[in-house]
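Below is one structure, written out as structure tokens; the observations come after it.
What follows is calculated from the coordinates using simple rules that are stated; it is not laboratory data. Every value quoted in this text rests on a predicted model; they were computed, and no experiment measured them. Here the Cβ is made from the backbone with ideal geometry for all residues, glycine too, and neighbour counts use every protein chain on show.
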Amino acid sequence: MTKSKTAPVKGAHPTRREALKTLAIGGGAAALPLWARYAGAQTSEPIKVGFQVHRTGIGAAYGRWYDRTTTAAAALINEEGGINGRPLEIVAEDDGTDPKRGAEVIEKFATQHNCDIGFGTLFSHVVIGSAPRAGELKLPYFVVSEGHHVASGMLNRYTLQPGITDVKSQVQAMAPFVADNLGKKVTMIFPDFAFGHDHRDYFTAAIEAQGGEVLEHIAIPPTETSFTKYFPKIPRDTEVIYHVMVGPAVLTFVKELGEFFGPQRPEMFGFIDSLEAVNIGSPGLEFLDGTYFWEGNPRYAQDNQSDYDAFFRERVGVDANGASVSDSKDVSTYAHMFGCWETLHVVKAGMEAAGYQGPQDRPALIEAVEAMTGLPHSNAHPQGAKIFNGKTHQVFGHQYITKVVDGKLLLVHTTSIEDTFYPDEVDYTTQAL
Amino acid sequence: MDFGPYLMLATLEGAVTAAVLALTASGLALVFGVMRVVNVAHGEFFMLGAVLAWWVTQMLGGSAVMGFVIALCVVPVLVGCLAALTDMVILKRISYDPERTIVATIGILYIFQQVTLMTYGPDARPVAPPFNTRIALPWIDFVDGRLSLYWPWGLSITSYKLAVIASAGVILLALWLVMTRSKLGLMMRATEQDRDMALAFGIPVEKVYAFVFGLGAALAALAAVLIVPIQQAHYLMGGDPLLLSFIVVIIGGLGSLPGAVLAALLIGLSDGIISVFFSPTLAKILATLLVAFVLVFRPHGLFGVRRG
């Protein structure tokens, strides 16, 4: 049909020779490979970011807020003209917080959706399950996971973590505060998978460096729903409980911890993961008053709130208490989700530095991000200034310690970026691209 | 913690698990006993109970006690009616054929789970307990040759957990009375013993089936309403109770109510005690191993009746 329509070019009565010639041209055009058709239009094609999101499974509460933050960041980047003049398109796929599904999703991004990069995963077992496939497919994979697996050298050159700090640097920066202010005899309670093991290994080493000791390690399966049975293992002479828990039962965990101790609780230092997406005013959590938390980014707007944080809150739709502006009961995962926002801005900066045009420029994108160092406190980096280490593919930044006072988390200590440094364990730049 | 108080805490925690498990498993045992239906969707009725309890208390607002009491009365009835409806619409149409009912209930499992995910969402949501006082428990010790009481660190339970144990006992007693003393129970037992003969004596077997399926689901929902102030309602929470109920029903003897209750106590308490002293994984391993032994050495279960 198309061919016969394009045939009458020169007049109402084409000769047989002319008609054949036009047919041949039309046929040739139809047979051209697909890429050639977009050769001129490439600048307006969207840049596709495959967003691996925990919509279901134990990471669902994080996934919902990672999704909202990512959508807000993409909208902002598009308002400001996109990346290299091309719009950013987020292609979201649920990974079910499951490593096997995670690897399949990566494959879908690369082969089915033709995404330029993969992005967004939080739970460390999903990252560890997906990263090898991303490396094989040579798909740049930007994770927002906190796990030490990127900087430890366990993964590959195509996996980067430029938007959120890792557990090793976080706990190392917390240990001096815990030892100086709370006590030196610590009992650790953590989830029994890679993320929890990072806490176990690096905090134990860090507190020993401060002259303290860990009396007992209590590992709890991340799918556990009842916790009291684990608490008798806490030694009687514990001065500080160090707790970090994830999954749908975090509220039960903290409540049962309070019920176990009653009025005689020791000092407590928790990672906010134990209460992410949970209202700190929930019944049964009163005992937390006076306890301390690590926060990646303070949930409650502080007195010294930066304009950048205010801007970030407004764009994502989070109020001063860290809850959704449309539903005050819908508490965000504020200490982690900024990582999605910042990572997308790093991707934008990297693609623009590399003059990214399409999948053939993926190695150039990796090299451009590896070349980054200082990331200043700005609308693109609302959590604070950061320093990126191109060799280990890991970013380093400020950490915040807050105290529960009258049901709110008030900032009591901010670490320096240098507090979070440790010697490089890998140099990914030596690996082939 | 000293051994004595430690064991007491483990036993109390185990008793809460056992109480909830006994309710859930007796529902499964009842359905299997009377209808010979292996209900794989049983855990989803448990989950629906918890989710609806959240929904009811949320809708009513007001005081925690009021909301909880209404949820306790309304939710099992709602879930029971839903189950009776699935029985009439699905299971009856496939003539309760054993293989097809298993496949059908697997389908029902996924439908309920995914519909909950699509409507209620993937969050774990709490229901406020009607009352919840921490009760520190004393322990006896010999001081200078005389008995004296002291309050060990961490040895405590909440009033609500005690109430869960007590109400599970009351409900199971009521169920036993209904089964053995009432006309309804007589009809159910007659249907269980010989379906055709019961039909010949004018027992409306189809209605009994729908009722039993509803009752089984209502028991699971009741257990869930009781546990939801301690844990939280989540769309995947049906998996564990289903697995444990199957373990309990196999150990206790398929279709035997007293067997189910006894096995629930055994599994619940051993789960509590083994998890405290060793590890929760070991508790699961031992429970599964026990099932294997029961299947090998006493295939009809501890209390089951050998059937021809």
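Given Cβ point charges of +1 (Lys, Arg) and -1 (Asp, Glu) and nothing else, what value in debye, to the nearest 20, does the dipole of the stretch B:3-237 about its Cα centre take?
360 debye
Just to check I understand the Karplus step: with θ = phi - 60° and J = 6.51 cos²θ - 1.76 cosθ + 1.60, what whole-Hz values come out for the stretch B:6-23, glycine and proline as x?
Per residue, the Karplus-derived 3J(HN,Hα) values read 4, 5, 5, 4, 4, 5, 5, 4, x, 5, 5, 4, 4, 4, 5, 5, 4, 5 Hz.
³J(HN,Hα) across the stretch B:230-237 via Karplus (A = 6.51, B = -1.76, C = 1.60, θ = phi - 60°), whole Hz, x for Gly/Pro?
Taking θ as phi minus 60°, the curve returns 8, 9, 10, 6, 8, 5, 9, 6 Hz for the stretch B:230-237.
Could you tell me which of rounded, prolate or oblate describes the stretch B:195-308, using a ≥ b ≥ c as the square roots of the eigenvalues of the alpha-carbon gyration tensor, with rounded for a/c under 1.5 and, failing that, prolate when a/b is larger than b/c and oblate otherwise?
It is oblate, given that a/c is not under 1.5 and a/b is not larger than b/c.
Using the crude model of +1 on Lys and Arg Cβ and -1 on Asp and Glu Cβ, and no other charge, please compute the dipole size for the protein assembly as shown relative to its Cα centre, in debye to 20.
3000 debye
Can you give the relative contact order of the stretch A:205-271 as a percent, counting alpha carbon pairs under 8 Å and 6+ residues apart?
35 percent
GNM, chain A, Cα, under 10 Å: largest mean-square fluctuation among A:H54, A:H125, A:H217?
Looking only at A:H54, A:H125, A:H217, the largest GNM fluctuation is found for A:H217.
Under the definition of partner shielding as Cβ atoms of other protein chains within 10 Å of a residue Cβ, what is the mean value for peptide A:49-56?
1
Test of the criteria: in the stretch A:338-381, which chymotrypsin sites (Phe, Trp or Tyr not before Pro) are in a DSSP loop and have at most 14 other Cβ atoms within 10 angstrom of their Cβ?
Here no chymotrypsin sites (Phe, Trp or Tyr not before Pro) fit, given the DSSP loop and packing criteria.
Apply the Karplus parameterisation 6.51 cos²θ - 1.76 cosθ + 1.60, with θ equal to phi minus 60°, to every residue of the stretch A:414-427 and state each ³J(HN,Hα) to the nearest whole Hz, in sequence, with x for glycine and proline.
Whole-Hz 3J(HN,Hα) from phi for the stretch A:414-427: 10, 7, 7, 5, 5, 4, 9, 6, 8, x, 4, 10, 7, 10.
For a protection proxy built on the mean count of beta-carbon atoms within 10 angstrom, sort B:113-125, B:59-71 highest first, please. Let's see the in-between values first.
Details: B:113-125: 17.1, B:59-71: 15.2.
Ranked from most to least packed, the peptides come out as B:113-125, B:59-71.
Give the order of A:H393, A:H345 when sorted by the count of other beta carbons within 10 angstrom, beginning with the fewest.
Numbers: A:H393 27, A:H345 21.
Least to most surrounded, the residues fall as A:H345, A:H393.
Amide H neighbours of A:H413 under 5 Å, counting only residues 5+ apart in sequence or on other chains, H built in-plane at 1.01 Å?
A:I401
Report, as an integer, the average count of C-beta atoms from other chains found within 10 Å of each Cβ along B:130-143.
For peptide B:130-143, the averaged partner shielding equals 1.
Within 10 Å of each Cβ of B:227-237, how many other protein chain Cβ atoms are there on average? Each step should come with its number before you reach the end.
On the way: counts 2, 0, 3, 7, 7, 8, 1, 6, 3, 6, 3.
The mean count of partner-chain Cβ atoms within 10 Å per residue comes to 4.
Mean separation of Cα pairs under 8 Å and 6+ residues apart, divided by the residue count of chain A: what relative contact order is that in percent? Don't jump to the answer; show the numbers that get you there.
Numbers: 872 pairs, mean separation 66.4, N = 433.
It rounds to 15 percent for chain A.
Which residue, B:V37, B:V143, B:V79, tops the fluctuation ranking in a GNM of chain B built on C-alpha contacts under 10 Å?
Of B:V37, B:V143, B:V79, the most mobile in the Gaussian network model is B:V143.
What is the distance, in nm, between label points placed 7 Å from the Cα along the Cα-to-Cβ direction at B:L199 and at B:L149?
6.2 nm
How would you rank A:C115, B:C81, A:C340, going from fewest to most other Cβ atoms within 10 Å of each one's own Cβ?
Sorted ascending by nearby Cβ count, the order is B:C81, A:C115, A:C340.
Under 16 Å from the Cα of B:K284, which lysines turn up, not counting those fewer than eight places away in the same chain?
Partners within reach: A:K229.
Give the long-range amide H neighbours of A:E267: residues separated by 5 or more places, or on another chain, with amide H under 5 Å away, using H modelled in the peptide plane at 1.01 Å from N.
Under 5 Å from the amide H of A:E267 lie the amide H atoms of A:I241, each far enough along the sequence or on another chain.
If each residue's Cβ is checked for other Cβ atoms within 10 Å, how do B:Y150, A:Y308, A:Y292 rank with the fewest at the top? Please report the intermediate quantities before stating the final value.
Numbers: B:Y150 11, A:Y308 17, A:Y292 23.
Going from least to most buried by this count: B:Y150, A:Y308, A:Y292.
Between B:I135 and residues 5 or more places away or on another chain, which pairs have amide H atoms under 5 Å apart, with H built 1.01 Å from N, and which residues are they?
Excluding prolines and chain starts, which carry no amide H, the hits are B:I157, B:T158, B:S159.
Tell me, what is the percent relative contact order of the stretch A:170-246, built from C-alpha pairs under 8 Å that lie six or more residues apart?
Working: 119 pairs, mean separation 33.5, N = 77.
Dividing the mean separation by the residue count of the stretch A:170-246 yields 44 percent.
Among A:H54, A:H217, A:F396, which residue has its Cα positioned farthest towards the positive end of the charge dipole of chain A, with +1 placed on the Cβ of Lys and Arg, -1 on the Cβ of Asp and Glu, and the dipole taken about the Cα centre?
Of the options given, the answer is A:H54.
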